[in-house]
Each structure stands twice: as C-alpha cells, then as structure tokens.
1. Semi-axes of segment 149-201's equivalent ellipsoid from the Cα gyration tensor, sqrt of 5 times each eigenvalue, largest first, rounded to whole Å?
2. May I ask you to order 69-76, 88-95, 108-115 by the average number of other C-beta atoms within 10 Å around their residues, highest value first?
3. Which length gain, in nm to one decimal place, applies between F35 and I5 when the Cα-Cα distance is subtracted from 0.36 nm times their residue separation?
4. Quick check for you: which residues of segment 124-159 have the amide N under 14 Å from the point 7 Å beyond the Cα of S103 toward its beta carbon?
5. Please report, ordered by residue number, every helix of the chain (full DSSP H runs) that is 18 Å or longer along its axis going by C-alpha atoms and whose mean Kyte-Doolittle hydropathy reaches 0.5.
6. Let me make sure I get this right: for segment 63-116, a, b and c are the square roots of the gyration tensor eigenvalues over alpha carbons, sorted descending. Under 1.5 in a/c it's rounded, otherwise prolate if a/b > b/c, else oblate. Which is it?
7. Shape call for segment 91-200 from the C-alpha gyration tensor, a ≥ b ≥ c root eigenvalues: rounded (a/c under 1.5), prolate (a/b greater than b/c) or oblate?
8. So for each of 23-34, 140-151, 155-166 I average, over its residues, the number of other beta carbons within 10 Å; can you give me the resulting order with the highest mean first?
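What follows draws every value from the coordinates through simple rules; no lab data is involved. These figures come from a predicted structure and were not determined experimentally. Glycine gets a Cβ as well: all are built from the backbone with ideal geometry, and neighbour counts include every protein chain shown.
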Amino acid sequence: MLQHIRPALVLLAAFTLLTGVAYPLAMTGVAQIVFPVQANGSLVLRDGKVIGSSVMGQAFASERYFQSRPSATLAPDPNDSSKTVPAPYNAANSGGSNLGPTSKALIERVKADVEARKAENPTMPVPADLVTTSGSGLDPDLSPAAALFQVPRVAAARKLPEDQVRKLVEAQIVDRTLGVLGEPRVNLLALNTALDGASGR
C-alpha cells in the first residue's frame, strides 16, 4: 500500500512547491521588473506621501474638488456585525448595488442626486455617471461630460476662472485604449492633483 501512497505524496509536494511557491514568486518577480508601478498598486505620491491609487476610486466631498460618482460599497455595521452600512469607496468590499430599475429606494436616491446636481449647475444636463454607481463601486474615472459639468462649482470654490479649470479637465481626458477599447475618461485623482497644483492647493 505504501508504494501507492508514496508517489501521490511526492506529486502533492512537488506540485505544491511548483504552483504554490515557485510560480507565484516568479510572477511577482516578473511583475516587479516589468510593471513595478502597477504591481505595487499604482500609488500616487505627493510630497512623499501616498494620496491614493490611480486605479482605485475614492470619495471627494469638498466643493473645492471634482467629486466621484456615487458608490454602493458597504461595510459591517459596527453596532451589529450581522448587518452592513453604506461605506462609499470601501476598497475592502468592492461591489455594486443590488437595487433593480424598479426599486423605489434607487429611484428616490437618483432623483435626489439629480436635483442636487441641477442646483449645482442648472445650465447643463446632468451626466448619468454623476448619479449612478459603477459595478465595482470603486471606479476611479469620470466621463469628460461629468467632469466638465462640475467646472463652475470647482472654479467658484477655488476662485479660479472657469476657462482655466475647464482647460485642466480637457488636459486630463484620456482617449479610448488603443483607440477602440472603452470610452474617453478623466481620472479623478489625477485631475484633482493637477487642480491642487494649479491653485496652490
């Protein structure tokens, strides 16, 4: 019986070392050499401090910043671990909303968001991504229309000319990947970092 078990144990040990140790270490090493920034989280530094990641959305609440789209991520309720509470841009719990298009709660939330955005800029239609959540809840980008929609508010809060802020947005627009994949977009962290630089924070 030992002669049947020994080869199985040897193969188990060999494949554990190969696929559980050698392969992950090799891929980690290659990633660190070929894509070091991406392999370490695409972190963005300012004055030597990490202020975020270019691939991970975060909430910007201040009127002085371009704001993210809504996020439906959740976190455990500190008062009752069997429940969850809203926690926008919670990177530990990526996910979208389970509310369907006929959900009363969703309809009321979107209507309230649309009204708030209309009050912010009554001259433009409200872009959809400013009032809808993404599938991950961690989208780091906005459509160019959603960023341009916020120009008057940000310019007024920073006491900057609207043309200057609009040019900042336009300079941050990234075209489709390879010209065909995805949609034009604006990375929110990159835009807000450029905005701080232009206005001396």
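1. 24, 11, 8
2. 69-76, 88-95, 108-115
3. Full extension from F35 to I5 adds 6.5 nm.
4. Taking a point 7 Å out along Cα→Cβ of S103, the residues of segment 124-159 whose backbone N falls under 14 Å are 132-137.
5. Helices meeting the criterion: 2-17.
6. Cα axes put segment 63-116 in the oblate bin.
7. Oblate is the answer for segment 91-200, as a/c is 1.5 or above yet b/c matches or exceeds a/b.
8. Top of the packing list down: 140-151, 155-166, 23-34.
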